[in-house]
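J.: Before anything else, here's the structure in question.
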Amino acid sequence: MEILLASGIGVLIACGVFLMLRSRSFDVVLGLTLMSYGVNLFLFSVGRIGGAAPIISDGVVRYTDPLPQALTLTAIVIGFAMTALLLAVALADYVAERTDHVDGQRGEQRSAAQGRGEAE
Amino acid sequence: MNLLLAAPVVIPIVAAAALVVMRGASATARHAVGIAATLTFLAIAVVLFAHAADGRSEVLLVGNWRVPFGIALLLDRLSAWMLLLTGFVGVAALLAAIGGGQARALHFHALFQAQLAGVAGAFLTNDLFNLFVFFEVLLAASYGLLLYSGERQTRGASLHYIIFNLVGSLLFLIAAGLIYGIAGTLSFAELATIGGKVSADDMPMLQAAMLLLLVVFSIKAAALPLGLWLPATYGAADAPVAALFALLTKVGIYAVVRVFVGVFGTMAPDSPWIYLSSAIPWVGALTLLFGALGALAAHHLRGLAASLVLASAGTLLIGTGLPGGVAAAMYYAAHSTLAGAALFLVADVIRRGRGRVEDRLEPAPAVGRAGLIGGMFFVVAVAIAGLPPLSGFIGKSMLIAELFSHDGRGHLAAAVLLGSLTTLIALSRAGSTLFWHAEPHAPGEHVRRGGRGSLYGAGMLLGGLLALVVAAGPAQRYVGQLAEQVDATRADARAILDTQPRPQYGRQP
């Protein structure tokens, strides 16, 4: 279970970092989303994994720590809002610049490349 | 008194919500609400400052839960000092934004208030995760403030700024998770008590978490390898917004002081901060020199001002990494925030007065009211470069005296002085180009005037700088006591843990 969880988080973060380093804003947004999934899972696992009960019920003595769950919920909400905001900015940038390169400078180059493609 | 602690967060939040609802109201009504909320903020900051100056720290248990279960707000000299600074810069920036027309943008006032709420919350909270939440609040508002002008250059800079800070937030979450996993708490007061209780197996994890936290705070404070976003972002922001942003890097510095000097620094003898703190002044020195070089290379005055914010962050980091350097750093923080914000506003007045050339450092027809504006520029430049008799000199001399009182730190003073010299050269070059290389006006072209709002805002900030000089003695005493109070292991900080909830109505205590 531990190995599965740890490697799951690792794969999510690795994919996220890879995508985030790409130069197109859509890939960056996807990468950040994957990374925040990984981080949320990590936060969740901080409360230790194991079979303790989360909800108060009769005859149960060991409960799982509720705080990491609260932290994870907060992190999900904030991450979601921030991703939405980033998407809006990236979209506005794309509409205005006609390119989703993160530096917004490759417009001329791309239209030049398209021009060449049409000529061929 | 206790409930007043929540006011610096609650009042701007309520005002922001009201301003969002008031989208149909006239600009005058929105201005009125914005000004009223910001002035109230400043008034409460003054009251809290007067209270904390006596050395009493106040604790507010939010939601009436004891500390390990609930989150406490803490008012001590450090948070009161930063709150007062926030209120003052907030009023000046708002004045500039209203006079300059930027505040007419639909949700400017709401975003501005949200920004104040986030900054105030970050200064007051006594919990690591709550610090994260308030960081997000102030960042979300800063994204909005940066973006509303909608110019192309701003949008590009904003995208980088947002992405960079989102990654920083994720690192913050990882660090907070690790610390909770090891210590079982995120409250600063309780974290300060875990020194010696951390097992040898957990220590590397704790050190990794602290390094991650330091990275996050360095992003906020714009320390060198992580501060490259700052000049582009601040240079692209509107002047009143940039003036407010001069405060945001200080939130990062504040976090370093509160969390590292105050909480982790005291986990002796095995605190990783002992190793980290010896490296931080060097990072600060590099940041300072980089910022000063950036100022020398700037093509326009706003870029120069943004690079100088970087340089001041470097100077502050040198102070925070020294045992006993916190006092100098906090005095310099107040000075550099006021001076940096004033420079942004003066740059705006110059930009509006020069027409097509804007604030590019090229010879052009002189600005209107050149005597007044040039005089203000001169005063700000003297303050920032750290020449006597203004507050920059006092701050830097405190810092250098502190550097020489430690073995092996004396050569950092060379970095401080070199940074000051480079800043001085950059500012004198900019000033002589802007005011002395004035070309005659083309026939038919009239002298331009503008930026009245920025002028008033800059005037207010200069008044603040002057107050720091006039009251330098009491201010130095205050920051000295502040530095002693930061240590979270002292008895009155531990009192947070013993603070009992109030008895509730209708129930036996």
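The values are calculated or read from the model by the stated rules, or taken from the named source; none is laboratory data. Everything numeric in this text was worked out from a predicted model, so none of it was measured. Quick reminder, even Gly has a Cβ in these numbers, built from the backbone with ideal geometry, and neighbours come from all protein chains shown. Note: areas computed on protein heavy atoms with side chains; ligands, DNA, RNA excluded. Shrake-Rupley method; radii C 1.70, N 1.55, O 1.52, S 1.80 Å.
J.: How far is helix B:273-297 tilted, in degrees, relative to the longest principal axis of the Cα atoms in chain B, given as a value from 0 to 90 rounded to the nearest 10?
T.: Computed tilt is about 10 degrees.
J.: Rounded, prolate or oblate: which one fits region B:19-64, using the alpha carbon gyration tensor with axes a ≥ b ≥ c (rounded when a/c is under 1.5, else prolate when a/b beats b/c, else oblate)?
T.: Details: a/c = 8.65, a/b = 2.12, b/c = 4.08.
Oblate.
J.: Short version: which residues of region B:121-136 lose at least 30 Å² of accessible area, all chains versus chain alone, 1.4 Å probe?
T.: B:PHE129, B:GLU136
J.: Please work out the Kirkwood hydrodynamic radius for region B:1-107, using every pair of different C-alpha atoms, and report it in angstroms with one decimal place.
T.: Numbers: mean 1/r = 0.0663 Å⁻¹.
This gives a value of 15.1 Å.
J.: Would you kindly state how much longer the chain becomes between A:VAL17 and A:GLU2 on full extension, computed as 0.36 nm times their sequence separation minus their alpha carbon distance, in nm to one decimal? Could the numbers behind the result be given before it?
T.: Working: separation 15, 0.36 × 15 = 5.40 nm, distance 2.23 nm.
That pair, A:VAL17 and A:GLU2, stretches by 3.2 nm at full extension.
J.: Which lysines have a Cα lying under 18 Å from the Cα of B:LYS250, excluding residues fewer than 8 positions away in the same chain?
T.: Here the lysines satisfying the reach criterion relative to B:LYS250 are B:LYS220, B:LYS396.
J.: Angle, helix B:370-385 long axis vs. longest principal axis of chain B, Cα atoms, 0 to 90°, nearest 10?
T.: On a 0 to 90 degree scale, this one is about 30.
J.: Compute and list, largest first, the equivalent-ellipsoid semi-axes of region B:267-372 from the alpha carbon gyration tensor, each √(5λ) rounded to a whole angstrom.
T.: Numbers: eigenvalues 276, 39, 11 Å².
Listed largest to smallest, the semi-axes of region B:267-372 are 37, 14, 7 Å.
J.: Looking at chain B, which longest stretch skips every one of the trypsin sites (Lys or Arg not before Pro) that is in a DSSP loop with at most 12 other Cβ atoms within 10 Å, leaving the sites themselves out?
T.: Details: sites that count: B:ARG56, B:LYS197, B:ARG507.
In chain B, the maximal stretch lacking such sites is B:198-506.
J.: Given a Förster distance of 22 Å, report the FRET efficiency between A:ARG48 and B:ASP201 from their Cβ-Cβ distance, rounded to the nearest 0.05. List each step's numbers first, then the result.
T.: On the way: r = 15 Å, r/R0 = 0.69.
That gives a FRET efficiency of 0.90.
J.: Continuing with the same structure: Pop out a list of residues from region A:79-96 that are at least 30 Å² less accessible with all the protein chains around than in their chain alone; 1.4 Å probe, no ligands or nucleic acids counted.
T.: A:MET82, A:LEU85, A:LEU86, A:VAL89, A:ASP93
J.: Report the calculated FRET efficiency for B:THR28 and A:THR83 (r = Cβ-Cβ distance, R0 = 35 Å), to the nearest 0.05.
T.: Details: r = 37 Å, r/R0 = 1.04.
With R0 = 35 Å, the Cβ-Cβ based efficiency is 0.45.
J.: What list of ³J(HN,Hα) values in whole Hz, one per residue of region B:163-176 in order, does the Karplus curve 6.51 cos²θ - 1.76 cosθ + 1.60 (θ = phi - 60°) give from phi, with Gly and Pro shown as x?
T.: Listing the rounded values in order: 4, 4, 6, 5, 4, x, 5, 5, 5, 4, 4, 4, 4, 4 Hz.
J.: Something else: Under a 5 Å amide H to amide H cut-off, with H placed in plane at 1.01 Å, what residues pair with B:ASP127 once short-range neighbours are removed?
T.: B:PHE188
J.: Further question on the same structure: Which shape class applies to region B:341-402: rounded if a/c is under 1.5, otherwise prolate when a/b exceeds b/c and oblate if not, where a ≥ b ≥ c are the square roots of the Cα gyration tensor eigenvalues? Intermediate values should be presented prior to the final figure.
T.: Working: a/c = 3.38, a/b = 2.75, b/c = 1.23.
Verdict is prolate for region B:341-402.
J.: Under 1.5 on a/c is rounded, so check that first for region A:1-93, then, if it is not, pick prolate when a/b is larger than b/c and oblate when it is not; a ≥ b ≥ c are the square roots of the alpha carbon gyration tensor eigenvalues.
T.: Details: a/c = 5.30, a/b = 2.00, b/c = 2.65.
Taking the square roots of the gyration eigenvalues as a ≥ b ≥ c, region A:1-93 is oblate.
J.: Would you mind getting the accessible area per residue of region B:225-354, heavy atoms of the protein chains only, 1.4 Å probe, in Å²?
T.: Numbers: 2690 Å² over 130 residues.
I get 21 Å² per residue for region B:225-354.
J.: If we count every other residue with Cβ under 12 angstrom of B:ASP359's Cβ, Lys/Arg +1 and Asp/Glu -1, where does the sum land? Don't skip to the answer; put the middle values down first.
T.: Values: positive: B:ARG302, B:ARG351, B:ARG352, B:ARG354, B:ARG356, B:ARG360; negative: B:ASP348, B:GLU358, B:GLU362.
That works out to +3.
J.: Taking each pair of different alpha-carbon atoms in the protein assembly as shown once, compute 1/r for the pair, average those values, and report the inverse of that mean as the Kirkwood hydrodynamic radius in Å to one decimal. If you can, show how the numbers build up before the last one.
T.: On the way: mean 1/r = 0.0393 Å⁻¹.
After inverting the mean inverse Cα-Cα distance, the result is 25.4 Å.
J.: Any idea what angle helix B:472-486 forms with the longest principal axis of chain B, computed on alpha-carbon atoms, 0 to 90 degrees, nearest 10?
T.: The answer is roughly 30 degrees.
J.: Calculate I(q)/I(0) for chain B by the Debye formula, one identical point scatterer on each C-alpha and no solvent, and give its log10 at q = 0.07 Å⁻¹ to two decimals.
T.: Scattering profile of chain B, log10 relative to I(0): -0.36.
J.: What does the buried accessible surface come to for B and A, summed over both chains, with the probe at 1.4 Å? Round to 100 Å². Walk me through the numbers on the way to the answer.
T.: Details: alone 19210 and 8870 Å², together 25620 Å².
Answer for the B-A pair: about 2500 Å² buried.
J.: Using the Cα atoms of region B:44-186 to build a convex hull, what is its mean projected area in square nanometres? Before the final figure, lay out each step's value.
T.: Working: hull surface 40.3 nm².
That works out to 10.1 nm², a quarter of the Cα hull's surface.
J.: In whole percent, and with a 1.4 Å probe on the protein chains, what portion of the accessible area of region B:233-367 is carbon and sulfur?
T.: Ligands and nucleic acids excluded, carbon and sulfur reach 65 percent.
J.: Nearest 0.05, what FRET efficiency do B:LEU372 and B:VAL21 give at R0 = 56 Å with Cβ-Cβ as r?
T.: Values: r = 40 Å, r/R0 = 0.72.
Efficiency for this residue pair is about 0.90.
J.: Next question, about the same structure. Using DSSP H assignments, which helices in chain A have an axial alpha-carbon span of 15 Å or above and a mean Kyte-Doolittle hydropathy of 0.5 or higher?
T.: A:2-20, A:25-45, A:66-97
J.: Averaging sequence separations of C-alpha pairs under 8 Å and six or more residues apart, then dividing by the length of region A:1-84, give the relative contact order as a whole percent.
T.: Working: 80 pairs, mean separation 20.5, N = 84.
Relative CO of region A:1-84 lands at 24 percent.
J.: In the neighborhood of B:ALA438, defined by Cβ-to-Cβ distances under 12 Å, what is the net charge if each Lys or Arg adds +1 and each Asp or Glu adds -1?
T.: Values: positive: B:ARG354; negative: B:GLU362, B:GLU439.
Cβ neighbours under 12 Å give a net charge of -1.
J.: Leaving out ligands and nucleic acids, note down the accessible area per residue over region A:1-112 with a 1.4 angstrom probe, in whole Å².
T.: On the way: 6830 Å² over 112 residues.
Heavy-atom SASA per residue in region A:1-112 reads 61 Å².
J.: Going 7 Å from the Cα of B:THR433 toward and past its Cβ, which residues in region B:291-315 have a backbone nitrogen under 15 Å from where you end up?
T.: B:293-308
J.: At 7 Å along Cα-to-Cβ for each site, give me the label-to-label distance between A:LEU41 and B:HIS160 in nm.
T.: It is 3.3 nm.
J.: Let me ask something additional. At a temperature of 4 °C and a viscosity of 1.567 mPa s, determine how fast region B:188-311 diffuses translationally according to Stokes-Einstein, using the Kirkwood radius over alpha-carbon pairs as Rh; express D in µm²/s, rounded to the nearest whole number. Walk me through the numbers before you get to the answer.
T.: Numbers: Rh = 15.7 Å.
Using the Kirkwood radius from Cα pairs, D works out to 83 µm²/s.
J.: Towards the positive end of the charge dipole of region B:1-135, with charges on Cβ (+1 Lys, Arg; -1 Asp, Glu), say which of B:SER26, B:ALA92, B:ASN126 has the farthest Cα.
T.: B:SER26
J.: Another question about this same structure. Can you give me the long-range amide H partners of B:GLY368? Hydrogens built in the peptide plane at 1.01 Å from N, cutoff under 5 Å, separation of 5 or more residues or another chain.
T.: B:ARG448
J.: Let me ask something else about it. May I ask you to give the percent of accessible area on region B:32-132 that is carbon plus sulfur, with a probe radius of 1.4 Å?
T.: 70 percent
J.: Next question, about the same structure. Could you pull out every residue, at least 5 positions away or on a different chain, whose amide H is within less than 5 Å of the one on B:GLY101? Hs are placed 1.01 Å off N in the peptide plane, and Pro or chain starts have none.
T.: Excluding prolines and chain starts, which carry no amide H, there are no hits.
J.: Counting each DSSP H run of 4 or more residues in chain B as -39500 (n - 2.57), what helix-only mean residue ellipticity at 222 nm follows after dividing by all residues, to the nearest 500 deg cm²/dmol? Don't skip to the end; give the middle numbers.
T.: Details: 20 runs with 347 residues, N = 509.
Only helices count here, giving -23000 deg cm²/dmol.
J.: Here's something else I'd like to know. Take chain A, connect every pair of alpha-carbon atoms lying under 10 Å apart with a spring to form a Gaussian network, then pick out the residue of A:ILE13, A:ILE49, A:ILE76 with the largest mean-square fluctuation.
T.: Of A:ILE13, A:ILE49, A:ILE76, the most mobile in the Gaussian network model is A:ILE49.
J.: State the Kirkwood hydrodynamic radius of region B:155-229 in Å, one decimal place, computed from all pairs of distinct Cα atoms.
T.: Numbers: mean 1/r = 0.0739 Å⁻¹.
Averaging 1/r across every pair of different Cα atoms and inverting gives 13.5 Å.
J.: OK, next. In square nanometres, what is the average projected area of the Cα convex hull of region B:47-97?
T.: Working: hull surface 18.3 nm².
With every direction weighted equally, the projected area is 4.6 nm².
J.: What translational diffusion coefficient, in µm²/s and rounded to a whole number, does the Stokes-Einstein relation yield for region B:314-375 at 37 °C and a viscosity of 0.692 mPa s, taking the hydrodynamic radius as the Kirkwood radius over Cα pairs?
T.: Values: Rh = 13.8 Å.
My calculation gives 238 µm²/s for D.
J.: With Kirkwood's inverse mean 1/r over C-alpha pairs for Rh, give me the Rg to Rh ratio of region B:96-249, two decimals please. Walk me through the numbers on the way to the answer.
T.: Details: Rg = 17.6 Å, Rh = 16.7 Å.
On the Cα set of region B:96-249, Rg over Rh gives 1.05.
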